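Since the structure comes first, as structure tokens, the remarks are kept for the end.
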Amino acid sequence: ANISPSTGIDWKVNAGYFFNSGQMHFSQFKHFNTSEIPVAFKSFAHTFQMMNDYEFSTNSSYLNVGVEFRSEYLLLRYLSVFNKRTWSESIHFNYLTSPGLNSYWEAGYSLNSLFFVGNVGVFTGFKGSKFESVALKISISGFE
């Protein structure tokens with residue numbers, strides 16, 4: 001949903017259930033969009049930044065929700081030293097629940113299109129209400 005040319009909400013909801021999972025090969029499991037490495041060549045949107053790549057893949061039920069709110073004026077652009085720059089800012093939220101993982105979620109803040117090449121973000125992860133980790137990430141993804 002684009003609220004204006006530079007402001008928008010990008011969301012994704014993905015849910016599933018495997019009815020006959022007894023003889024499934026691991027390649028048929030549901031694998032989630034992750035980027036555990038500190039410098040990646042993919043967008044921050046709808047990507048778990050601190051989750052191990054295949055640790056929580058599932059052949060059972062799952063619910064995966066991702067939301068990004070993007071704007072030119074969230075936090076830093078209100079400061080006069082930053083308001084003439086061309087980047088935008090985003091707030092990210094990703095949630096996952098499955099029988100093997102009960103309520104894992106990540107929240108983050110990022111500066112986008114820095115020097116028209118990449119993004120910098122800080123993300124924090126939680127299992128339920130228990131703090132798991134925090135990370136500074138770089139995404140080299142150009143225009144998005």
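The values are calculated or read from the model by the stated rules, or taken from the named source; none is laboratory data. Here the structure is a predicted model, which means the values were calculated and not measured. Neighbour counts run over all protein chains shown; Cβ positions are idealised from the backbone, glycine included. Keep in mind that these areas ignore ligands, DNA and RNA; they rest on the heavy atoms of the full protein, side chains included. Shrake-Rupley method; radii C 1.70, N 1.55, O 1.52, S 1.80 Å.
Can you tell me which residue among Ser71, Ser61, Ser43, Ser35 is of a type in the set (Gly, Ala, Ser) and over 22 Å from Leu111 (Cβ atoms)? Only one candidate qualifies: Ser61. Picking from residues in the stretch 42-76 that are acidic (Asp, Glu) and open to solvent by 50 Å² or more (accessible area, probe 1.4 Å), the one that is modelled with the lowest pLDDT is Glu72.
Each residue in the stretch 113-138 was checked for being under 21 Å from Val65 (Cα atoms) and either part of a strand (DSSP E or B) or open to solvent by 50 Å² or more (accessible area, probe 1.4 Å) (or both), and 15 pass.
Out of curiosity, is Asn94 part of a strand (DSSP E or B), more than 13 Å from the chain's Cα centre (by Cα) and touching a residue at least 24 places away in the same chain (Cβ under 8 Å)?
Judged against the criteria, Asn94 is not a match.
Ala15 meets all of the listed conditions (1) open to solvent by less than 60 Å² (accessible area, probe 1.4 Å); (2) not in a loop (DSSP other than H, G, I, E, B) but one, namely (1).
Would you mind stating whether Ser110 is at pLDDT below 95, of a type in the set (Ser, Thr, Tyr), assigned to a strand (DSSP E or B) and open to solvent by less than 60 Å² (accessible area, probe 1.4 Å)? If you could, list the steps in order and put the result at the bottom.
Numbers: at pLDDT below 95: yes; of a type in the set (Ser, Thr, Tyr): yes; assigned to a strand (DSSP E or B): yes; open to solvent by less than 60 Å² (accessible area, probe 1.4 Å): yes.
Yes.
Looking at the stretch 87-103, which of its residues are at pLDDT 95 or above and either open to solvent by less than 50 Å² (accessible area, probe 1.4 Å) or of a type in the set (D, E, K, R) (or both)? Within the stretch 87-103, His92, Asn94, Leu96, Thr97 meet the criteria.
Taken as a whole, the structure places Lys12 among residues that are under 16 Å from Tyr62 (Cα atoms) and among the charged types (D, E, K, R).
Selection within the stretch 18-41: residues that are surrounded by 11 or more Cβ atoms within 10 Å (Cβ to Cβ) and of a type in the set (A, V, I, L, M, F, W, C). The member of this set that is nearest to Tyr95 (Cα to Cα) is Phe32. Residue-level check: of (1) more than 12 Å from the chain's Cα centre (by Cα); (2) modelled with pLDDT of 80 or more, Lys84 misses just (2).
Remark: pairs (first residue in the stretch 35-47, outside any loop (DSSP other than H, G, I, E, B); second residue surrounded by 13 or more Cβ atoms within 10 Å (Cβ to Cβ) and aliphatic (A, V, I, L, M); Cβ separation under 8 Å; 6+ apart in sequence or on different chains) = Val39/Ile138; Ala40/Ile138.
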